[in-house]
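Presented below is the structure to which this report refers.
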Amino acid sequence: MAEVGLSGSLRDDADGAASIQIEAATIRELLRKLVERYPRMQSHIAEGVAVSIDGKIFRDNREESIPEGSEVFLLPRIQGG
Amino acid sequence: MAHDTSFTNQEFKIIGTRPERPDGVDKVTGRARYGADASAPGQLIARILRSPHAHATIRKIDTSKAEKLKGVKAVLTSKDLPDLTNGNQGNFDILENCMARDRALYDGHAVAAVAAIDEDTAKKALKLIKVDYKILPHVTDVDLAMQDDAPIVQPRIRHNDAPSNIAQVSEFGHGDVDEGFEKADVIIEKSYKTEQTHQGYIEPHACLATVGPDGQGELWVTTQGHYTFRNICASLLGMELAKLKVTSSEIGGGFGGKTHVWMEPVALALSRKVNRPVKLVMSRNEVFRASGPTCSTSVDVKIGAKKNGTITAASATLRYQDGPFPAIWGMLGAMTSWACYDLKNVKSKAYDVLVNRPKVAAYRAPSAPMAAFAVESTIDLVAAEIGMDPVEFRIKNAAKKGTRASYGPTYGPIGIGPTLQAVKKHPHMRAKLGPNQGRGMACGFWFNFGGQTCTDLNIGVDGTINLTIGTVDVGGSRASMSLIAAEELGIPYDQIKCNVADTSSLGHNDTTEGSRGTFSSGMATIFAARDAIKVMCERAAKEWEIDVKDVEWKDGSAVAKGVRNSNLAPMTLKEIAAKSGATGGPIAGHNEVVADGAGVSFASHICDVEVDPETGGTKVIRYTVIQDAGKAIHPDYVEGQFQGGAAQGIGWALNEEYVYGEDGRLQNPSFLDYRMPVCSDLPSIDTEILEIPNPDHPYGIRGVGETSIVPPLAAVGNAVSMAAGVRMNHVPMSPPRILKAIKEKQAQG
């Protein structure tokens, strides 16, 4: 079971929750279960989100595993210059 | 195949040296080909008609007279660009920005385009196009745009169940700020404004588009991301990706402004209409009015601290304008605002707000400089209030490994503390100041990111290397990639020729943004080189008729291991390459990777200024940049990035500003009236590179291209405040604003 922190506009579409608990072994599974629970998250995920696992940020790699007890944050996808 | 991307702390022989840049001769001799340097037989010249109004309904466009003008081959309006976006609002916004549909949303918004046999004819044709506008109320100020009675820019946008210009609200933070403020001995609250600035790249947007009757197209364009341009243009025009080849020209500056499509779909659509090449180059006026500047902002900051210097709570409310299309610039301001500090109670709330100004684009660490101006100015005020040295105050509260960032994740090894310690020790801090002079310092943060990357490394039979990358070289990445390939292969730097491929020649590469070029293409180059080394070891093993397990790569040669192979002399890369035809054919390495794990970046800047109390004019007399690079591959380029960001930040801090009239029109769309710093305005900018390795890159690389623009607004502001004796809270701190502040203070006695 991973505790997933939510920030920014992602919170609004998870009924305002700052964090939620989800059983997920990979980023792909995490995002799928997130949409199952909060369908409005689909648009964010389609636009692109980043997932931080123990401080390392993954933007595209959905196969990355989520170790038990790791710190997970879902972040909006950022742009740079 | 996944590779281990962990930092290995290997010893380098070539990385960190400063060889000549491979593109240098081309650039100083004029041989380098930029966006406007391409031509094709039979090409037409295109020009775009732009709205003179900030906000207007387009009732009718009559192009009949323009179409009849001799030499005009095509006229285009939004009717020629049907909506093929299939509900993708982001793409529809791009389409609408390229060519207004039922409304012009800002001064400079494209409303029609012409392709003609020459520029004069195209310009004459534009004058013959009659647009019937109904002028609508407009709003260009971010604070006014948030008011309930503000003109609505996009009726589809709603906030609190009502039409609104507030497109998005984002909150970040943790802890309990109310409780934190209750524990504070000192609380400072302050409001700030920053004006809109442009990246100011010297090369305007330019492209040459060719679409044939078979539907196949080519686009030569100045861009930071030719794959992204291909994907967007093909999508908007209903083309297949494989049938649109996009080639990136040399780039005359981008800084984020060339990550967005502005006019290229128009050039392609015109070309498709007449089946002739179409060249389209923006004038400087168009670059200012119709390509994306950064946001203007309005920010409130509140910091509470104990007398011992511990910050107990910090909060910020940020209002960023996005132009007429929703974006994430305010959100990025909120995410970056407190990233330098280790805070138990912190909160940022950002509003992304629509106004009748051009679509906002990224500008080097987008959104972070404005937030840093507000935060770092207030940090100085709090330090002064509790009687603590501002550097010591920052050191006491600096984020470190294990700090939970204000935007969520916990940091690994980071460089904010070391940059501050370097500030403390730097001779600049001990230099004497003269009359009317002041010194300020400030910190800055940027995330950096990696992304999708693809690289080829082909070994010629003479042992020279064609290294092919897909990330556009905006800041010296061809030199850095050549150094990395030379390091891995164990051969001289000048044996490698690095090229940026067109979109038909290599797999997808994300845009060069987010300081990702050296991080991600560097990673792909390392693994492509190792892939080639594996092949070369196999070839040597074949020649020697031994097991490949007994072959290793060392100093540019295959070496046979073990006592029984001790009679075999090492086989050099050149020798292996020369025999490649008889050992299995061409030798190449390849890698495709999603480069994750980009290390965050921090910088601390020191600035000395002299303010003329009679005129309010400010001269920067000394400037030092200290930044963590993770690992500097080519230190000249790293220092160049540090200096370039600082120079742009100084211009932003002191002079650069979009000035809008009451009519909503931009008043200063030229370099005469939009005052960017030139060499004579700036001192030599000193640099100090720190190297705190990124644990998630084999060489420890962090991006370096953006962070250096984050601290200057605040560093200059803190210096001006010391020199002039007044706290400046409005950027740019131009002579009239400084003089006004001085006079107001004098009037108060």
Starting from the Cα of residue B:494, step 7 Å along the direction of its Cβ; do the same at residue B:307; then give the gap between the two resulting points in nm. 6.7 nm
Based on DSSP H assignment, which helices of chain B show an axial Cα extent of at least 15 Å together with a mean Kyte-Doolittle hydropathy greater than or equal to -1.0? B:226-237, B:264-274, B:368-386, B:477-489, B:522-544, B:635-654, B:712-724, B:735-748
Here the whole-number average of other chain Cβ atoms within 10 Å per Cβ of A:56-65 is 6
Which peptide among B:313-321, A:16-24, B:285-293, B:685-693 comes first, and what is the full order, when sorted by highest mean count of other Cβ atoms within 10 Å? B:313-321, B:285-293, B:685-693, A:16-24
Taking every DSSP bridge whose two residues both lie in the stretch B:196-264, the antiparallel percent to the nearest 5 is 50 percent
Using a simple spin-label model with points 7 Å from Cα along the Cα→Cβ vector, what separation in nm is obtained for residue B:636 and residue B:18? 0.8 nm
For the stretch A:1-42 and the stretch B:564-602, distance of Cα centres in Å: 43 Å
The set of residues whose placed amide H lies less than 5 Å from the amide H of residue A:26, leaving out same-chain residues fewer than 5 positions away, is A:66
Of B:273/B:359; B:123/B:245; B:127/B:243; B:190/B:425; B:183/B:401; A:33/A:56, which pairs sit farther than 32 Å apart, going by alpha carbon to alpha carbon? B:127/B:243
Considering only DSSP beta bridges with both partners in the stretch B:439-531, what is the antiparallel share in %, to the nearest 5? 50 percent
Round to the nearest 0.05 the FRET efficiency obtained for residue A:33 and residue B:189 when R0 = 56 Å and r is the Cβ-Cβ distance. 0.85
Once every DSSP H run of n ≥ 4 in chain B is given -39500 (n - 2.57) and the sum is divided by its residues, what mean residue ellipticity at 222 nm do you get, rounded to the nearest 500 deg cm²/dmol? -8500 deg cm²/dmol
Longest to shortest principal axis, alpha-carbon extents of the stretch B:1-106, angstrom: 68, 40, 31
Rounded to the nearest Å, the spacing of the alpha-carbon centers of the stretch B:359-417 and the stretch B:478-548 is 37 Å
Karplus-derived 3J(HN,Hα), 6.51/-1.76/1.60, for each residue of the stretch B:358-365, Hz, glycine and proline x: x, 3, 6, 10, 5, 9, 5, 6
To the nearest 0.05, how large is the calculated FRET efficiency for residue A:46 and residue B:554 if R₀ is 60 Å and r is the Cβ-Cβ distance? 0.80
Placed amide H near residue B:140: partners under 5 Å, 5+ positions off or other chain: B:356
Highest mean first, how do B:515-527, B:5-17 rank when packing is the count of other Cβ atoms within 10 Å averaged over residues? B:515-527, B:5-17
What is the sum of charges, Lys and Arg at +1 and Asp and Glu at -1, for the other residues whose Cβ falls under 9 Å from the Cβ of residue B:630? 0
Counting Lys and Arg as +1 and Asp and Glu as -1, what is the net charge of the other residues whose Cβ lies under 12 Å from the Cβ of residue B:143? 0
When the charge dipole of the protein assembly as shown is computed with +1 on Lys and Arg Cβ and -1 on Asp and Glu Cβ about the Cα centre, the Cα farthest towards its positive end, among B:436, B:262, B:591, belongs to B:262
Shielding of A:7-17 by partner chains, average beta-carbon count, 10 Å: 4
Isotropic mean projected area of the C-alpha convex hull, the stretch B:271-377 (nm²): 9.1 nm²
When the charge dipole of the protein assembly as shown is computed with +1 on Lys and Arg Cβ and -1 on Asp and Glu Cβ about the Cα centre, the Cα farthest towards its positive end, among A:18, B:99, B:508, belongs to B:99
To the nearest whole percent, what portion of all C-alpha pairs in the protein assembly as shown is separated by more than 43 angstrom? 31 percent
For residue A:7, residues with placed amide H under 5 Å, excluding near neighbours: A:74
Derived scalar couplings ³J(HN,Hα) [the stretch B:576-591; Karplus, 6.51 cos²θ - 1.76 cosθ + 1.60; whole Hz; x for Gly, Pro]: 5, 4, 4, 9, 4, x, 9, 10, x, x, x, 10, 8, x, 9, 8
Please find the FRET efficiency linking residue B:582 to residue B:505, where r is the Cβ-Cβ separation and R0 is fixed at 22 Å, and quote it to the nearest 0.05. 0.20
Name the residue farthest towards the positive end of the dipole of chain B from the options B:159, B:458, B:582, assuming +1 on Cβ of Lys and Arg, -1 on Cβ of Asp and Glu, about the Cα centre. B:159
Using DSSP, restrict attention to beta bridges with both residues in the stretch A:2-76 and report what percent are antiparallel, rounded to the nearest 5. 80 percent
Which value, in nm² and rounded to one decimal, describes the direction-averaged projected area of the C-alpha convex hull of the stretch B:476-540? 5.0 nm²
Shielding of B:436-449 by partner chains, average beta-carbon count, 10 Å: 1
Tell me the net charge near residue B:155. Cut-off is 12 Å between Cβ atoms, residue B:155 excluded, with +1 for each Lys or Arg and -1 for each Asp or Glu. +2
So, for the Cα atoms of chain B, Rg and Dmax in Å stand at 27.5, 92
Give, in nm to one decimal, the length gained when the segment between residue B:748 and residue B:127 is fully stretched (0.36 nm per residue of separation minus the Cα-Cα distance). 218.1 nm
Cα centroid of the stretch B:152-227 to Cα centroid of the stretch B:228-292, whole Å: 21 Å
Name the residues of the stretch B:77-94 whose amide N is less than 18 Å from a point 7 angstrom out from the Cα of residue B:64 along the C-beta direction? B:77
With the convex hull built on the Cα atoms of the stretch A:2-76, state its orientation-averaged projected area in nm². 4.1 nm²
If you count, for each residue, the other Cβ atoms within 10 Å and average over each peptide, how do A:3-13, B:335-345 line up from highest to lowest? B:335-345, A:3-13
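Each reported figure results from applying straightforward, stated rules to the coordinates on display, with no laboratory input. In this text, all values refer to a predicted model and were calculated from it rather than measured experimentally. Quick reminder, even Gly has a Cβ in these numbers, built from the backbone with ideal geometry, and neighbours come from all protein chains shown.
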